[in-house]
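Everything below concerns the one structure shown next.
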Amino acid sequence: MAIEQLLARFNAAVAEPYAEAKKRKEQGQKVIGWLPTDVPEELIHAAGAFPVGVLGTNEHIYLADAHLQTWACSLMRGCLEQGLNGNLDFLDGIIIPHTCDTTRMLVGIWRHALSTPYIDNYLMPRQIDRPSARTYLKGELARLKDNLEKCTGKVITNEALKDSINVFNANRTVLRRLYEYHSTNTAVISSRMLYTVIKAAMFMDKAEHTTLVEELLKELANISTSNDKRVRLAISGGVWEPPEILDMIEELGAVVVADDLLTGARYMGPDVIADGDPLDALAVRQLNRIPFGGFDSTTRERRGFLVETAQNAGVQGMVFLHLKFCEPENYDYNDMREAMNKAGIPNIRLETEYANTSLGQARTRLQAFIEMMGGSK
Amino acid sequence: MSAPFKTAGLLKNLMAKYYAKGEENRKSGIPVAWVTAVFPVEIIYAMDIFPYYPENFGALGAARKVADKLSEYAERRGYFNDLCGYARCGIGDAYATDHPVGNILPPDLLVCCNTQCGSLPKWFEAAGRYYNAPYFLLDSPLIEDQVSPLGKNYFIDQLWEMVDFLERTTGKKFEMERLVEVLKLASEATQLWNDCLDTAALKPAPFGFFDACFHMAPIVTWRGTQTAVDYYMALKEELDERVAKGITAIPNERFKIYFDHIPVWPRLRWFSDLFAANDALVVASQYTHSWAHKFDVSRPMESLAEVYTEQFVNRGFEYRIKLKMDFMKRYKCDGFVLFSNRSCKPNSFGLYDKRQVITERTGKPGVVFEADMSDQRFFSEGQIQIRLEAFFERLRKDQ
Ligand code: SF4
Ligand code: SF4
């Protein structure tokens, strides 16, 4: 396939996020949705079900307001909205992780307001530095495994789980290769396109997605453009929403080459090393993920990690892209900014929402920011 | 609120002493540990470490109506005004140049339990960096439905990890016998506190929720000490006396109300006056009952794990509905008021649905109002008054 055709496939997957899931459902496969972040999709896959990401909506939110205060983040309001407006009726189950107080309370609301057959939460440990975390997490994964078996009526064998882990590892590997390619050849595919490919993995069949990215990489191998003079930026935050923000960055003369986003680097995270017990291996992957806003690690602090990431990627600036009402990001911001300042990395914070945001002000501020670093268009 | 209590004077003295003791202690080599309200502080007391409650500092700033001023200092650093008001007060005071409620006490170490919420750990993480002090999180996974050994064992493992952390950072030794003594004192105080709260079930009652908000500081800060036991003994005596003399919390008690959750601190008086003017007494809240538990001293660590992980603040939707309904039954409530508190997402998200469910199941009227527990910038008096007046109207009609 030509590059354009390949990209069109990823774009289509993101434009119609539930198309593949619905198709699977019609074919008789169980479909389990997950909310960001960190839900171990391998377990869903190993149960023979189709995992699909539920990542909010850029459309107007109004049904959710009767159940969830408008001062909840627009990501979770948007997820609930889709449940309420029937868009998620095809789901056989949904797993809501404990990333913050909002997701922690959303489980109960979901159970009450919606009739998804199987509703669960993934209670990842909120500390990762002590031995107790690993023991607990293995137990929590075993609990999820049991519940998924009940929901799908299929036993998850160690072999099946290992196979699934391989499928996901392969996917993460090609995504990381694409990411690295984009970092040195920034002019070939746009930043938004890169992140669209990553996001598409959350909606498509994993093996198919891997094959398509491999094809893309093959096509791209013949093209190299090292002469991009645009400003190199990193993004830190939860999600790249609304998506137009990435277009805007490029229009203003910059490219994104590093991030710690849930719909970015965190999704490609470390591989699962599955030599022994696969549940233990999944636990270890979770504990070794890159830092994020949910909780800090005392051994691998987020702001230090961000400085390192920025320096390794050779960026000229950092954009903190925070969703309005997102507490974890807001609590981290002051110290992240100070760490950036200390390291001499110019930075800016933009606060956005999924829908209904006028990006006018963000554009003005971004423009000044990018110009300051010598970029312009 | 009721006519002034004799014990109120005692409380003021005690609190003043407590705040003074922090600095004194540090000077004499006793480490200061920041702790959270729903936290096994019994271990801290058993190790002769001084527990300091930054949430109390936040509540104090809120009650003195300066939370917005302190918050502004935090906002200048990039913290938004939609974070928990206590955190904004505490962080704000650290950066402030004026200190209308005194200085928040800097920690030597920070120990946090997330059974209540996710704001506290994020605040404590930031404070740990600011004060350059070691931080420890006691992680308590949500109990959505059934209590399971998984979460409990995880918590017990962490209690031992915490003991190790405390011994390493403070050089103090942990002794089980000391913990047992502290647990006995804690049980005694919580039992007395529970008895005091229960007097609100009498009709007319000598004591209500707004009184409880005032008198709860010692059960939060000193449970585990003789001071707390003595204090609640005195309060209980005074309540018995009031019952005997027929002194009631409000002049004409006609309705009993359940209230969720924290009061709007800077408007405590406004609310209690409005309720009293409508002959309604708020008699119960899950909030003030958070410290009305009991320990089994024959299994100290297990008992600590059970008490602190099985708290309602760590429970799911259905449990919280049931708890509210149980309180309404036990205190014979005629209606309920739910406070959608912008500062506190974990206690606010879900209230819209809960209001509906509780009315469906009990037939009692309820109302949700929006405000912030500490920040008056989010208080619109007119709107809240209209909502509550409509609610009181319903109560009168129903009776
Ligand atoms: S972490 Fe932030 S963006 Fe994610 S669900 Fe929580 S509040 Fe929303
Ligand atoms: S008010 Fe709510 S968010 Fe704030 S510390 Fe208390 S429980 Fe946490």
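To keep it simple, each residue is scored yes or no on (1) touching a Gly at 6+ places or on another chain (Cβ under 7 Å); (2) modelled with pLDDT of 95 or more; (3) surrounded by 20 or more Cβ atoms within 10 Å (Cβ to Cβ); (4) within 30 Å of A:Lys229 (Cβ to Cβ).
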residue	(1), (2), (3), (4)
A:Ala254	yes, yes, yes, yes
A:Gly264	no, yes, yes, yes
A:Ile273	no, no, no, no
A:Leu279	no, yes, yes, no
A:Thr298	no, no, no, no
A:Gly317	no, yes, yes, yes
A:Asn330	no, yes, yes, no
A:Met336	no, yes, yes, yes
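Checking the structure you have, find out if any residue of the range B:376-385 is away from every other protein chain (no Cβ under 13 Å), open to solvent by less than 10 Å² (accessible area, probe 1.4 Å), more than 16 Å from ligand 2 (Cβ to nearest atom) and more than 21 Å from B:Trp270 (Cβ to Cβ). Can you show your working first?
Pass one, the range B:376-385, residues away from every other protein chain (no Cβ under 13 Å): B:376-377, B:379-385.
Still in the list and also open to solvent by less than 10 Å² (accessible area, probe 1.4 Å): B:384.
Retained after the next criterion (residues that are more than 16 Å from ligand 2 (Cβ to nearest atom)): B:384.
Imposing the further condition that a residue be more than 21 Å from B:Trp270 (Cβ to Cβ) reduces the set to none.
No, there is no match, as no residue in the range B:376-385 is away from every other protein chain (no Cβ under 13 Å), open to solvent by less than 10 Å² (accessible area, probe 1.4 Å), more than 16 Å from ligand 2 (Cβ to nearest atom) and more than 21 Å from B:Trp270 (Cβ to Cβ).
Being more than 16 Å from B:Pro31 (Cα to Cα) and of a type in the set (Asp, Glu) is the filter here; which residues of the range B:82-113 pass it?
The answer is B:Asp82, B:Asp93, B:Asp98.
Inspect all residues belonging to the range A:154-163 and state whether any of them is of a type in the set (A, V, I, L, M) and buried (at least 22 other Cβ atoms within 10 Å of the Cβ). Give the derivation first.
So the first thing to find is which residues in the range A:154-163 are of a type in the set (A, V, I, L, M), and the list is A:155-156, A:160-161.
Of the ones still in play, those that are also buried (at least 22 other Cβ atoms within 10 Å of the Cβ) are A:156, A:161.
Checked the range A:154-163: at least one residue is of a type in the set (A, V, I, L, M) and buried (at least 22 other Cβ atoms within 10 Å of the Cβ).
Show me the helices (runs of 4 or more DSSP H) found entirely inside the range B:172-260 where at least 2 residues are more than 16 Å from the chain's Cα centre (by Cα).
So the answer is B:176-198, B:226-245.
With the requirement that a residue be more than 14 Å from chain A (Cβ to nearest Cβ) and more than 16 Å from ligand 2 (Cβ to nearest atom), what does the range B:86-102 give you? I'd like the intermediate steps shown before the answer.
Applying the first criterion (more than 14 Å from chain A (Cβ to nearest Cβ)) to the range B:86-102 yields B:89, B:93, B:96-102.
Within the range B:86-102, B:Ala96, B:Thr97, B:Asp98, B:His99, B:Pro100, B:Val101, B:Gly102 qualify.
So, in the range A:308-333, of the ones that are within 14 Å of another protein chain (Cβ to nearest Cβ) and part of a helix (DSSP H, G or I), which residue ends up nearest to ligand 2 (Cβ to nearest atom)?
A:Glu327
Within the range B:305-327, track down each residue that is open to solvent by 40 Å² or more (accessible area, probe 1.4 Å), within 14 Å of chain A (Cβ to nearest Cβ) and of a type in the set (D, E, K, R).
Quick first cut of the range B:305-327, residues open to solvent by 40 Å² or more (accessible area, probe 1.4 Å) only: B:306, B:310, B:318-319, B:322, B:325-326.
Now drop any that are not within 14 Å of chain A (Cβ to nearest Cβ), which leaves B:318-319, B:322.
The answer is B:Glu318, B:Lys322.
Would it be correct to say that B:Lys322 is under 17 Å from B:Asn194 (Cα atoms) and not assigned by TED's automatic domain parsing to the domain that holds B:Thr115? Step through it out loud before you land on a result.
Values: under 17 Å from B:Asn194 (Cα atoms): no; not assigned by TED's automatic domain parsing to the domain that holds B:Thr115: yes.
No: the conditions fail for B:Lys322.
Quick test for you: out of A:Thr70, A:Thr103, pick the one residue that is of a type outside the set (Asp, Glu) and assigned to a loop (DSSP other than H, G, I, E, B). Full working, then the answer.
On the way: A:Thr103 fails: assigned to a loop (DSSP other than H, G, I, E, B).
Sole residue among the options that is of a type outside the set (Asp, Glu) and assigned to a loop (DSSP other than H, G, I, E, B): A:Thr70.
When the residues of the range B:1-43 are filtered to those that are assigned to a helix (DSSP H, G or I) and touching a Gly at 6+ places or on another chain (Cβ under 8 Å), which remaining residue is surrounded by the fewest Cβ atoms within 10 Å (Cβ to Cβ)? Give the steps one after another, and end with the answer.
Kept after step one, since they are assigned to a helix (DSSP H, G or I), are these residues of the range B:1-43: B:6-27, B:41-43.
Among the residues that remain, those that are also touching a Gly at 6+ places or on another chain (Cβ under 8 Å) are: B:19, B:41-42.
Working: B:Tyr19: 17, B:Val41: 26, B:Glu42: 28.
The extreme case among them is B:Tyr19.
Could you pull out the residue among B:Gly85, B:Gly78 that is over 20 Å from B:Tyr18 (Cα atoms) and free of Cβ contacts under 8 Å to residues at least 12 places away in the same chain? Even if it seems obvious, please write down each step before you answer.
Numbers: B:Gly85 fails: free of Cβ contacts under 8 Å to residues at least 12 places away in the same chain.
The match here is B:Gly78.
Quick check: is even one residue across the range B:254-266 closer than 23 Å to B:Val368 by Cβ, surrounded by 22 or more Cβ atoms within 10 Å (Cβ to Cβ), modelled with pLDDT of 95 or more and among the hydroxyl-bearing types (Ser, Thr, Tyr)?
Scanning the range B:254-266 turns up at least one residue that is closer than 23 Å to B:Val368 by Cβ, surrounded by 22 or more Cβ atoms within 10 Å (Cβ to Cβ), modelled with pLDDT of 95 or more and among the hydroxyl-bearing types (Ser, Thr, Tyr).
Tally time: how many residues in the range A:122-155 are among the polar types (S, T, N, Q) and more than 8 Å from chain B (Cβ to nearest Cβ)? Don't jump to the end; show me each part of the working.
Just the residues of the range A:122-155 that are among the polar types (S, T, N, Q), to begin with: A:127, A:132, A:135, A:147, A:152.
With more than 8 Å from chain B (Cβ to nearest Cβ) added as a condition, the list becomes A:147, A:152.
The number of residues fulfilling the criteria is 2.
Scan (1) assigned to a loop (DSSP other than H, G, I, E, B); (2) away from ligand 1 (no atom under 16 Å from the Cβ); (3) crowded, with 17+ Cβ neighbours inside 10 Å for the single condition A:Tyr354 breaks and write down its number.
(2)
Of the residues B:Leu105, B:Leu120, B:Leu83, only one is under 21 Å from the mean Cα position of the chain (by Cα), part of a loop (DSSP other than H, G, I, E, B) and more than 8 Å from every other protein chain (Cβ to nearest Cβ); which?
Values: B:Leu120 fails: part of a loop (DSSP other than H, G, I, E, B); B:Leu83 fails: more than 8 Å from every other protein chain (Cβ to nearest Cβ).
It is B:Leu105.
Taking the range B:61-80 only, how many residues are touching a Lys or Arg at 6+ places or on another chain (Cβ under 6 Å) and away from chain A (no Cβ under 14 Å)?
So the answer is 1.
Looking only at the range B:359-399, how many residues end up being assigned to a helix (DSSP H, G or I) and more than 24 Å from B:Ser71 (Cβ to Cβ)?
If we filter the range B:359-399 for residues that are assigned to a helix (DSSP H, G or I), which is where we start, we get B:359-362, B:376-378, B:381-398.
Narrowing further to those that are more than 24 Å from B:Ser71 (Cβ to Cβ): B:359-362, B:385-398.
Final tally of qualifying residues: 18.
Exactly one of these conditions fails for A:Met340: (1) under 28 Å from A:Met76 (Cα atoms); (2) surrounded by 18 or more Cβ atoms within 10 Å (Cβ to Cβ); (3) more than 15 Å from ligand 1 (Cβ to nearest atom). Give me its number.
(1)
Of the residues that sit in the range B:123-135 and are of a type in the set (Gly, Ala, Ser) and part of a helix (DSSP H, G or I), which one is farthest from the other protein chains (Cβ to nearest Cβ)?
First, pick out the residues of the range B:123-135 that are of a type in the set (Gly, Ala, Ser): B:126-128, B:133.
Still in the running and part of a helix (DSSP H, G or I): B:126-128.
Working: B:Ala126: 6, B:Ala127: 10, B:Gly128: 9 Å.
Result: B:Ala127.
Please find, within the range A:32-88, the residue that is farthest from A:Ala21 (Cα to Cα) out of those that are crowded, with 21+ Cβ neighbours inside 10 Å and within 16 Å of ligand 2 (Cβ to nearest atom).
Among those residues, the one meeting the criterion is A:Gln69.
Looking at the range B:288-295, is at least one residue closer than 24 Å to B:Ala59 by Cα and either modelled with pLDDT of 95 or more or crowded, with 23+ Cβ neighbours inside 10 Å (or both)? It would help to see each step written out before you state the result.
Kept after step one, since they are closer than 24 Å to B:Ala59 by Cα, are these residues of the range B:288-295: B:288-293.
Filter once more, so that each one left must be either modelled with pLDDT of 95 or more or crowded, with 23+ Cβ neighbours inside 10 Å (or both): B:288.
Yes: one or more hits.
Within the range B:115-123, is even one residue charged (D, E, K, R) and either open to solvent by 10 Å² or more (accessible area, probe 1.4 Å) or more than 16 Å from ligand 1 (Cβ to nearest atom) (or both)? Show your work before the answer.
Filtering the range B:115-123 down to residues charged (D, E, K, R) leaves B:122.
Now narrow it down to the ones that are either open to solvent by 10 Å² or more (accessible area, probe 1.4 Å) or more than 16 Å from ligand 1 (Cβ to nearest atom) (or both): none.
Within the range B:115-123 (the criterion being charged (D, E, K, R) and either open to solvent by 10 Å² or more (accessible area, probe 1.4 Å) or more than 16 Å from ligand 1 (Cβ to nearest atom) (or both)), the answer is no, since none of the residues qualifies.
Check B:Glu360, B:Glu302 and return the single one that is of a type outside the set (A, V, I, L, M), within 13 Å of chain A (Cβ to nearest Cβ) and surrounded by fewer than 17 Cβ atoms within 10 Å (Cβ to Cβ).
Values: B:Glu302 fails: within 13 Å of chain A (Cβ to nearest Cβ).
Just a single option satisfies the conditions, and that option is B:Glu360.
Among the residues of the range B:330-355, write down those that are free of Cβ contacts under 8 Å to residues at least 24 places away in the same chain, at the interface with another protein chain (Cβ under 9 Å from one of its Cβ atoms) and either open to solvent by 10 Å² or more (accessible area, probe 1.4 Å) or within 19 Å of B:Leu197 (Cα to Cα) (or both).
Selection gives B:Tyr352 alone.
What's the total number of residues in the range B:136-150 that are more than 7 Å from chain A (Cβ to nearest Cβ), touching an Asp or Glu at 6+ places or on another chain (Cβ under 9 Å) and within 23 Å of A:Pro328 (Cα to Cα)? Lay out the reasoning, then the answer.
Let us first name the residues in the range B:136-150 that are more than 7 Å from chain A (Cβ to nearest Cβ), namely B:136, B:138, B:140, B:143, B:145-149.
With the extra rule that they be touching an Asp or Glu at 6+ places or on another chain (Cβ under 9 Å), the set shrinks to B:136, B:138, B:143, B:145, B:147.
Add one more test, that the residue is within 23 Å of A:Pro328 (Cα to Cα), and what stays is B:136, B:138, B:143.
Total satisfying the criteria: 3.
The values are calculated or read from the model by the stated rules, or taken from the named source; none is laboratory data. The model shown is predicted, which means the values in this text are computed figures rather than measured ones. We place every Cβ from the backbone using ideal geometry, glycine too, and count neighbours over all the protein chains shown. Heavy atoms of the whole protein, side chains included, go into the accessibility calculation; ligands, DNA and RNA do not. Shrake-Rupley method; radii C 1.70, N 1.55, O 1.52, S 1.80 Å.
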